[in-house]
Amino acid sequence: MRRVRAWLRGDERPPGPFRPEFWRSPLRGPWLTSVFGLVLLVGISIMALTGLLSYAAYNPRLPGNDITPERGLLGFYLFDWPTDPVWLYRLNQGVHVILGLTLVPVLLAKLWSVIPRLFSWPPARSPAQLLERASLLLLVGGAVFQFVTGILNIQLFYVFPFSFYPAHLYGAWIFLAALAAHVVLKLPRVITALRSRGFRQELRTGLRDTRPEPPDPDGLVPVAPAAPTMSRRGALAFVGGGSLTVFGLSVGQTLDGPLRGTALLAPHGRTYGPGPNDFQVNKTAASLGIGAAETGPGWRLALTGPRPVRLSRADLLALPSHTHRLPIACVEGWSTEQEWTGVRLADLARLAGAEDGTGVFVRSLQRGGVFSHASLSARQVADPRSMLALRVNGADLSLDHGFPARIIVPGAPGVHNTKWVRELDFRSFS
Ligand SMILES: Nc1nc2c(c(=O)[nH]1)N[C@H]1C(S)=C(S)[C@@H](COP(=O)(O)O)O[C@H]1N2
Ligand SMILES: [Mo]
């Protein structure tokens, strides 16, 4: 009892990880932590930029597109997402997802390198210190939360009890605020630490000459270091090798083509359909209960506008058709480029009597869920490559790829390429 009181007063530390002697790795120290921290800072800055752009790409100001309508001020930077270059969203999302995966080993290494700080005792000596530690909770918790929700999402493994989009968006802002404070607070120490040892020199230092860094005020350097079993260069190679492995086994799902087969960590398997339709499927028709009944000869496309029209697939095939190679790029990081043939959205708008400059609200046969509808902007409708696709790679669309008709818009997120379209409702959004 007296023991516990002494711990609580801070006169004595509880045993185990709360004692500095517990942490013995001779590699821990401000230099190594700063190297990992710097890599993360650069990487996470790119993650933040691509993440916020990814949100803008949804054109969330258009009706029905936003999964986080209560975003308030956080939408301050939104802009009308362009259709050119067509690879913009593909690149953005590929970088966001693949870089995120690649940074995982670095994040783990960084957390490992500072873990003694988690057990510093007493937990706080002053209100200011308490505040600092609370901000670290947001920082570490925020980082772990963003990486875990992101990775679970690309695995389509929705085990968390909340919706991914708002969680990942609001989580990002909380994490970025904590990160900004952390960087401002730590920058002077990082600079000193990085100057304390030459990077090249460290890469030339083998196990035999590996010594602990000099004692530091933060207590990262062990007071009772064990003999090294790995050099700093070995630790960097280990973490870097882990990152390279993750990168090498995932990048193929973004690059597509022959490299698709190398994406062993990609969650979606490898074959998807017959012949020309053999490319990645997001959700299959069967999984949504869409079958021959509603997609068969009785299917009609409704064009809603000043002059409503109903068209069969044969009617659509008789209209002027256009063919373009365009990507489907999913928010989950995979992408694929295919040759699509169909009718221009702008032609369909004119057919429905819509004025120039109208957008379109697209409805799918699929009922319910965020995929059952999407708004496309006036700019997207006006692009001559935006189409209601009927065929792909010279064959009819397969049911899984959206037969009888689907949307293909250059540069749009995959989720706006609505499959199994039943209605195009041309409207002015401004
Ligand atoms: N109706 C409907 N359209 C949809 C989807 C869906 O689940 N339902 N998935 C979207 C998403 S998230 C992507 S990435 C693309 C994938 O198209 P694909 O399955 O033909 O490759 O379709 C989009 N269109
Ligand atoms: Mo997607």
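Structural remarks
- Here ALA235 fulfils each of the conditions (1) touching an Asp or Glu at 6+ places or on another chain (Cβ under 9 Å); (2) at pLDDT 95 or above apart from (1).
- Within the range 390-405, being free of Cβ contacts under 8 Å to residues at least 60 places away in the same chain and under 26 Å from the mean Cα position of the chain (by Cα) holds for one residue alone: GLY402.
- Residue list for the range 354-374, filter: part of a loop (DSSP other than H, G, I, E, B) and not aliphatic (A, V, I, L, M): GLU355, ASP356, GLY357, THR358, GLN366, ARG367, GLY368, GLY369, PHE371, SER372
- Yes/no for ASP396 being more than 8 Å from ligand 1 (Cβ to nearest atom) and modelled with pLDDT of 95 or more: yes
- In the range 314-363, the residues that are of a type in the set (Gly, Ala, Ser), under 20 Å from ASP84 (Cα atoms) and away from ligand 1 (no atom under 16 Å from the Cβ): ALA346, GLY357, GLY359
- Residues satisfying the stated conditions in the range 348-374, i.e. among the polar types (S, T, N, Q) and under 23 Å from LEU319 (Cβ atoms): THR358, SER364
- Here the range 379-409 is the region considered, the condition is being touching a Ser or Thr at 6+ places or on another chain (Cβ under 6 Å) and over 23 Å from ALA292 (Cα atoms), and the residue that is farthest from ligand 2 (Cβ to nearest atom) is ASP383.
- Pairs are defined by a Cβ separation below 7 Å, a sequence spacing of at least 6 or placement on different chains, a first member in the range 254-282 that is of a type in the set (Gly, Ala, Ser), and a second member that is surrounded by fewer than 17 Cβ atoms within 10 Å (Cβ to Cβ) and at pLDDT 85 or above; the pairs so defined are ALA263/LEU249; GLY275/ALA395.
- Residue in the range 330-339 that is closer than 26 Å to ASN282 by Cβ and away from ligand 2 (no atom under 16 Å from the Cβ) present: yes
- Residue in the range 63-71 that is free of Cβ contacts under 8 Å to residues at least 40 places away in the same chain and in contact with a Phe, Trp or Tyr (Cβ under 9 Å, 6 or more places away or on another chain) present: yes
- Hits in the range 354-398 - residues which are aromatic (Phe, Trp, Tyr) and farther than 20 Å from LEU311 by Cα: PHE371
- For the range 1-43, the tally of residues that are within 30 Å of GLN201 (Cα to Cα) and assigned to a helix (DSSP H, G or I) stands at 17.
- Flag for ALA412 being within 16 Å of ligand 2 (Cβ to nearest atom), of a type in the set (A, V, I, L, M), part of a strand (DSSP E or B) and not assigned by TED's automatic domain parsing to the domain that holds SER54: no
Quick grid of which residues meet (1) surrounded by 18 or more Cβ atoms within 10 Å (Cβ to Cβ); (2) among the aliphatic types (A, V, I, L, M); (3) outside the structural domain of SER25 (by TED's automatic domain parsing); (4) part of a loop (DSSP other than H, G, I, E, B):
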| residue | (1), (2), (3), (4) |
| --- | --- |
| TYR158 | no, no, no, yes |
| GLN201 | no, no, no, no |
| ASP216 | no, no, no, yes |
| LEU220 | yes, yes, no, yes |
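The values are calculated or read from the model by the stated rules, or taken from the named source; none is laboratory data. Keep in mind that this is a model prediction, so the values were computed, not measured. No Cβ is skipped: glycine too gets one built from the backbone with ideal geometry, and neighbour counts run over all protein chains shown.
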